[in-house]
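To start, the structure under review is shown below, and the notes come after it.
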Amino acid sequence: MSNELDGVRVAFLVNSSGVEQAELTQPWQAVVDAGGEPVLVAPETGQVQAFNHDVEEGDTFTADLAVGDAKAEDFAGVVIPGGTTNADHLRMVEPAVALVEDFVGAGKPVASICHGPWVLVEAGVLGGKTLTSFPSLATDVRNAGGTWVDEEVHVCPTDGWPLVTSRTPDDLDAFSSALVEQLAKSAR
């Protein structure tokens, strides 16, 4: 265990019904292993259902903080895991979209994998950004003013806020490493 994120709080933004389990748990563990404190944020506190491959029920987790009570100033950055249900529902939750906008406005790292960038599209923050995602989001990213690339992980540190993105659960090792690195840089 390293201590590069010692005392650093990181929001993990999820919907209550449908987050992709590996895309939540592996980056979460990377934050813990680096000494950070991940906090599960959802539209409401309580149970969060995870899924494997969007269809097989996985474990349940407890959201300790409702998105309406979360403030970007209380965290070093935010992680938006994927899963089609997670991202599709979150982009329709105005306080969730507003929270992402607040992280961007504060210049804090935003990390998103797979379908998670749908929330960034909804927030209107992708203009001039280069990112990756699940390939089916490429047109959405372009329509939102971003540039889509097919890479394992892409870090776009321009325009004042770092953006870490990856395509699928197969990219989680690279995504988690880049996430911890960007959080550590911003916490210095």
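Listed values, structure above:
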{"quantity": "Positions within the stretch 12-40 being of a type outside the set (G, A, S) and open to solvent by 10 Å² or more (accessible area, probe 1.4 Å), in sequence order", "calculated": "N15, E20, Q21, T25, Q26, W28, Q29, V32, D33, E37, P38, V39"}
{"quantity": "Residue that is modelled with the lowest pLDDT [pool: residues in the stretch 61-82 that are more than 16 Å from F103 (Cβ to Cβ) and either open to solvent by 10 Å² or more (accessible area, probe 1.4 Å) or out of contact with any Ser or Thr (no Cβ under 7 Å at 6 or more places or on another chain) (or both)]", "calculated": "D64"}
{"quantity": "Qualifying strands (runs of 3 or more DSSP E) (wholly inside the stretch 2-82; at least 1 residues being without any contact (Cβ under 8 Å) to a residue 24 or more places away in the chain)", "calculated": "56-63"}
{"quantity": "Only listed residue being modelled with pLDDT under 95 and closer than 20 Å to E20 by Cα, chosen from T158, T132, T165, T85", "calculated": "T85"}
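The values are calculated or read from the model by the stated rules, or taken from the named source; none is laboratory data. Nothing here was measured: the structure is a model prediction, and the numbers come from that model. Virtual Cβ from ideal backbone geometry, glycine too; neighbours counted across all protein chains shown. For the accessible areas, the whole protein counts, side chains as well, though only heavy atoms, and no ligand, DNA or RNA atoms are used. Shrake-Rupley method; radii C 1.70, N 1.55, O 1.52, S 1.80 Å.
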